[in-house]
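Working notes for the structure below.
The values are calculated or read from the model by the stated rules, or taken from the named source; none is laboratory data. The structure displayed is predicted, hence computed values, not measured ones. Positions of Cβ are backbone-derived with ideal geometry, glycine not excepted, and every protein chain shown enters the neighbour counts.
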Amino acid sequence: MPPRKRKAAEDVNVKEVDSGAETKRKGKGKRADLQVKKTKSKEIKEGEEESTPVPTAAPLPWPQHFKRLSQTHSALNLVYTFCCTRKHLATTFETIKAAVEGRIRRELSVDEVVEVKCLVGPRGIRLEWTNCSEEEEWDDDKGKAKGGMALLFEYVDGADGGRKKTKSGATLEMTQAQMMKVINRRNERFTNAVNGFLEKCAKEGVQDPVEVFRKGCAAHMPVSPYLSEESSSTPASPESTIPPEIPIERKSITEILGEIKHTREFYHDQIVPGGHFTIPARGPNFGDLTFLLSQGLVNALYNARGITRLYSHQAAALNAIHGGEDVIVSTSTSSGKSLIYQLPVLHAIERDRRTKAMYIFPTKALAQDQLRGLKDLLSWMGEGGTPLEGIEVGTFDGDMGPEERREVRERATVVFTNPDMLHVAVLPNEGLWRSFLRELKFVVVDELHVYNNQFGAHMAFIMRRLRRICAIVGNEDIRFISCSATVANPEEHMKTIFGLAEVTHISIDGSPSGTKQFLCWDPPLKDPTHNPIGPRTDIITESAHLLMHLILRGVRTIAFARVRKSAELLLTALRTELIRLGRPEAADRVMAYRGGYTPQDRRQIENDMFQGKLLCIIATTALELGVDIGSLDAVVMVGFPFSVAGMRQQSGRAGRRNRDSLAVLMGSGAPMDRYYMNKPGELMSAPNASVEVDIWGDEGVAEGHLQCAALESPIHPGRDERFFAPPQGLRKFCEERLQKGDPDPSPGIERHHYYHPHQRFLPQPARRMAMRDTDDKNKISIVDVTSHRNKILEELEPARASFTLYTGAVYLHQGRTYLVRHLDIDNYIARVERVSVNYITIPRDHTEVWPYRTDASRVLTLPPPHTNNSKPTTITVSNGAIRLSTVIYGYNRVPPPPSRPHILESIDTSTVELPHRFVSGTWLDLPPYLPDLLTSHGIDALAAVHAAEHAIQGALLPGKVRVKCRVKLGGGAEMIFWDSAGGEGGMGWRVFEDVEGWIGKGLEKVERCGCAGEDGCEKCIGAVGGGWPLGSGQKEIGRCYEGDQGVSKKGAEIVLSVLRGREVEWGSRDLEFVGEVLEGSVKNAAA
């Protein structure tokens, strides 16, 4: 296939603008006919031009240099706007140069374009060297420099709405009137910029504005690091406050923020009003132990950690544990909680070498980190014949081979593991672990707050199974120790997870902390003058700019992204910015950290950050927990982390060594982000959230774990009811679900039978029930075949592969681009090749949600549909399996950040139907009269139901349940709730049990919200779109799949009021007309 040809700009007569290319095409999408958007507050009548503000004072006379620049800008503006209407016209400096020179009738220099950019601003014009795509051919390599680089010129102000694309990828031409409107708007901005600069010079008494201006522009010349050695050695830093070399000792956070705020090219009041908080430093508070530690242990604390005294919360917890109490500690991040579970174990082993301990962590990374910490402490105690000489500690996880696991099981005194391994490998093989369990004296569960909802129910049953097996082998003398982030109910939560009657809660923090500054940072508007409520700078681009300014000033930073692809995109954007500034040495010290990387790569990244080799890590929640990666100065949260508790956990990662620190919450277009950007004070005043676990609320989870327990040792209702107490009683539960065995022959005990696992769960009940929505088995290996390298880059779950590893996709790994050459799904191998392209790919897909199997149902009684009708209406609420059917039919190529998001090309592929996924869910029929009722109030039914989806989604737990309404084939509509994390039962069952309550919470959100307007706000119905396109496989949890378009707050209130059982008055519209409209709508929907 011959390469596509691009038309050079000099071959185009830009004076001849075709006005006949009308683009008045009406959308034919499912919401194209909705008329629910409100007009702007300032209306422009047909035929009138948008008024231009009248200046309050006459502008100053322009020097000849600025008149010359104005001529250049007008020509650039005209040529570029024309190019935007042509699909294959590349707007590089070389391709537009001839056309611009034909307008200005003189030679055009790069220096002149740089000066135009400086006046318009970096958020108006992009001028930088960029890689040319190997896939995209250019006429005779025109505009391409050596090394495959080109100097790209483009407006990024959004005045043209981006290059508009059809579904096939073709560019839509603008009419002549539309083009002139865009051109005039940009020229007006340029004029205002010059006037503003001259007025500022006049106020400051500047004698020669041209000289001052040209000196200021000199540092903004774009430099390609690949053109020559000379250019790559010349930094292109736009700000003199950025040091030429990364300092070993940084300035204070206050000084650094001051420098950033004075960066004219970057800072435009992004810190929201009232969004800068200073948390003062706190001094230490020490405590004393009521018992003596050995001299060896005291020496080890000093040599390994430099500790001479314990903080008050450490001393209080250690005293309680020494006294035989079970303890939960909920103090701040980096307060030294790990010592609370390390010292008691070492102290006990010194007295009795047979003592065993088990440390349970939610992630492998955290277990490895704590293993290193304990080994470091032991290294100072295991010499000279001390009691701890020869003590072995080790991890027991899925990364180990059979022989390594056997070695740990037989020889380790302290075992580091995770709940999953306890569930599938330790408890089912209690015979192999019996000697260890007999001597088990300490069970430590760190990060207890992570175990909530369905995951918490799993953990609660695992802890009960562990306690039960230990009791059966004769061991009931175990101390349980837990550490948690600050939550509202830590004591109650620990009792629920462990099944304990009494625990001791330690919450008063005695550790010191440095001053922390917290910022709510909102990306600036793209066009604040003409569109003050319009789109903002993309969050990925803005975060990359902020990270660049921090790390070049020596601020060691961690950035948290919500999904894997966002982390890779941010890494790519950050490295691009650093290279653009001529700082490749800094780009080499930035890495991503996320799920999927090989264990060796994860360990290497952790060690490099801990040793100070890296300046910045861009991570997902894999590093949200307390992995020690050394001293961090700043945290940047790229989007609100779904909960205030999660935000506080992430922000606590900075300032771990008592120095001043910074935490930044970067606002995205998501509803909760917009809410907190408008009301930042609530982030500080919001109370700590409670952790909820209902262990018997999900019958599937409960039955699965009791089947596992019956395999470990037959269940005896009289003996085991203290561990398992279902509402109907353990005996009845066992009779209904388990296999009845022989009766208990022991005299004097009520005649109970032993119960064994049911046949359908054999031979391995634990393997039939996954604790998390991950498939650790049969992961797809992504193999780099570049130059026959055949190296495994990472592993990916099959469920994600279809959205990211299709042939032709660009896969991102550590900011580098790989082209997927082949996906062998049967053999779990994807072959990729390293390429240099200037685009990423996003799948084009569609997912249908269908109720598949009904397991339970009940009836809801609603008020009558008319006020004069006393007969109530009933609707059915059902629970069961939901089928998710996804079809992929192509993909889009889009430029990566920091480029503005737009579709470069849409590629059609053969349709791929993914295997159906089945999840637990609940659905209910909508009352048949609801469309009539809404139409009688003049409200579009689809907009109302869409807004009701948003309101309920906001009331449900973010990331746990999705909500969608659909028209049924036989007529009518239904609202569907399903577990977004997959699995059997869980939140889907909880919604079924109390659907009225969840609907009521959504209604309460809408009614209590004080916003005005039909479109509502971020807090009630979440009418905010935006964000970088990630594709369905990477959609951020909780984001609207329809772009938050077509919503009605009043309609949502009516829908939720009806479903909640309230009577709603009919509107004044003629009901006969309403019925005709409704009948036609139903017929069209069914068709």
Lone qualifier among ASP633, ASP628 - being at pLDDT below 85, charged (D, E, K, R) and either over 18 Å from the mean Cα position of the chain (by Cα) or surrounded by 22 or more Cβ atoms within 10 Å (Cβ to Cβ) (or both)
ASP628
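Conditions tested, residue by residue: (1) surrounded by fewer than 19 Cβ atoms within 10 Å (Cβ to Cβ); (2) at pLDDT 80 or above.
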site: LYS97; (1), (2): no, yes
site: LEU108; (1), (2): no, yes
site: CYS118; (1), (2): no, yes
site: GLY121; (1), (2): yes, no
site: ALA159; (1), (2): no, no
site: GLU173; (1), (2): no, no
site: ASN187; (1), (2): yes, yes
By residue number, the members of the stretch 644-696 that are in contact with a Ser or Thr (Cβ under 6 Å, 6 or more places away or on another chain) and not in a loop (DSSP other than H, G, I, E, B) are ALA663, MET666
Looking across the stretch 92-118 at residues that are among the charged types (D, E, K, R), more than 44 Å from the chain's Cα centre (by Cα) and part of a helix (DSSP H, G or I), the single one that is farthest from PHE82 (Cα to Cα) is GLU101
Which one of the conditions (1) closer than 30 Å to VAL426 by Cα; (2) of a type outside the set (Asp, Glu); (3) within 24 Å of the chain's Cα centre (by Cα) does CYS734 fail to meet, given that it meets all the rest?
(3)
Which of the numbered conditions does GLN707 fail, given that it passes all the others? Conditions: (1) buried (at least 18 other Cβ atoms within 10 Å of the Cβ); (2) at pLDDT below 90; (3) over 30 Å from ASP538 (Cβ atoms); (4) not hydroxyl-bearing (Ser, Thr, Tyr).
(2)
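Collect the residues in the stretch 350-396 that are among the β-branched types (Val, Ile, Thr), at pLDDT 90 or above and surrounded by fewer than 22 Cβ atoms within 10 Å (Cβ to Cβ), keeping them in residue-number order. Walk me through how you get there before you give the answer.
As a first pass, look at the stretch 350-396 and keep what is among the β-branched types (Val, Ile, Thr): 355, 360, 363, 386, 391, 393, 395.
Then keep just the ones that are at pLDDT 90 or above; that gives 355, 360, 393, 395.
Matches in the stretch 350-396: THR355, VAL393.
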Of the residues that sit in the stretch 404-452 and are aliphatic (A, V, I, L, M) and outside any helix (DSSP H, G or I), which one is nearest to SER643 (Cα to Cα)?
VAL445
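Tell me, which strands (runs of 3 or more DSSP E) lie completely within the stretch 308-399 with 1 or more residues that are of a type in the set (Phe, Trp, Tyr)?
Working: elements: 327-329, 356-360, 393-395.
Strands (runs of 3 or more DSSP E) meeting the threshold: 356-360.
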Of all residues in the stretch 833-862, count the ones that are buried (at least 18 other Cβ atoms within 10 Å of the Cβ) and over 27 Å from the mean Cα position of the chain (by Cα).
3
Within the stretch 697-732, track down each residue that is under 14 Å from ARG468 (Cα atoms) and in a loop (DSSP other than H, G, I, E, B).
SER713, PRO714, HIS716, GLU721, ARG722, PHE723, PHE724, ALA725
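Conditions (1) within 21 Å of GLN707 (Cα to Cα); (2) outside the structural domain of ALA320 (by TED's automatic domain parsing); (3) without any contact (Cβ under 8 Å) to a residue 24 or more places away in the chain, marked per residue:
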| position | (1), (2), (3) |
| --- | --- |
| ALA425 | yes, no, no |
| ASN429 | yes, no, yes |
| SER435 | no, no, yes |
| HIS449 | no, no, no |
| ASN452 | no, no, no |
| GLY456 | yes, no, no |
| MET459 | yes, no, no |
| ARG465 | yes, no, no |
| GLU476 | no, no, yes |
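Which members of the stretch 546-564 meet the condition of being under 19 Å from the mean Cα position of the chain (by Cα) and of a type outside the set (A, V, I, L, M, F, W, C)? Working first, answer last.
Residues of the stretch 546-564 under 19 Å from the mean Cα position of the chain (by Cα): 546-547, 557-564.
The answer is THR557, ARG562, ARG564.
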Just need a number here: residues in the stretch 558-572 that are crowded, with 24+ Cβ neighbours inside 10 Å and of a type in the set (Ser, Thr, Tyr).
1
Output the qualifying pairs, or none if there are none: Cβ atoms under 7 angstrom, residues six or more apart or on different chains, first residue in the stretch 301-312 and assigned by TED's automatic domain parsing to the domain that holds LEU346 and of a type outside the set (S, T, N, Q), second residue surrounded by 15 or more Cβ atoms within 10 Å (Cβ to Cβ) and in a helix (DSSP H, G or I).
ALA304/LEU377; ILE307/LEU301
Looking at ASN658, is it surrounded by fewer than 24 Cβ atoms within 10 Å (Cβ to Cβ), out of contact with any helix residue (DSSP H, G or I) (no Cβ under 7 Å at 6 or more places or on another chain) and on the phi > 0 side of the Ramachandran plot?
yes
Selection over the stretch 714-733 where residues are under 24 Å from GLN759 (Cβ atoms) and touching a Phe, Trp or Tyr at 6+ places or on another chain (Cβ under 7 Å) yields a count of 5
When the residues of the stretch 272-307 are narrowed to those that are within 17 Å of LEU339 (Cβ to Cβ), touching a helix residue (DSSP H, G or I) at 6+ places or on another chain (Cβ under 6 Å) and among the β-branched types (Val, Ile, Thr), which ends up surrounded by the most Cβ atoms within 10 Å (Cβ to Cβ)?
ILE307
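Only one residue in GLU430, GLU439, GLU410 is buried (at least 19 other Cβ atoms within 10 Å of the Cβ), farther than 22 Å from GLN600 by Cα and of a type in the set (D, E, K, R), so which one is that? Lay out the reasoning, then the answer.
Details: GLU439 fails: buried (at least 19 other Cβ atoms within 10 Å of the Cβ); GLU410 fails: buried (at least 19 other Cβ atoms within 10 Å of the Cβ).
None of the other options fit; the residue is GLU430.
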Checking the structure you have, find out if any residue of the stretch 853-865 is without any contact (Cβ under 8 Å) to a residue 40 or more places away in the chain and not assigned by TED's automatic domain parsing to the domain that holds SER899.
no
Of ILE695, ILE618, the only residue that is β-branched (Val, Ile, Thr), modelled with pLDDT of 85 or more and out of contact with any Asp or Glu (no Cβ under 9 Å at 6 or more places or on another chain) is ILE695
Determine which single condition ILE579 fails, assuming it passes every other condition in (1) of a type in the set (Val, Ile, Thr); (2) modelled with pLDDT of 90 or more; (3) assigned by TED's automatic domain parsing to the domain that holds LEU662.
(2)
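Any idea which of ALA830, ALA881 is surrounded by fewer than 19 Cβ atoms within 10 Å (Cβ to Cβ) and in contact (Cβ under 8 Å) with a residue 12 or more places away in the chain? Before you say what the answer is, go through the steps one by one.
Details: ALA830 fails: surrounded by fewer than 19 Cβ atoms within 10 Å (Cβ to Cβ).
Testing whether each residue is surrounded by fewer than 19 Cβ atoms within 10 Å (Cβ to Cβ) and in contact (Cβ under 8 Å) with a residue 12 or more places away in the chain leaves just ALA881.
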Within the stretch 478-512, how many residues are assigned to a loop (DSSP other than H, G, I, E, B) and free of Cβ contacts under 8 Å to residues at least 40 places away in the same chain?
2
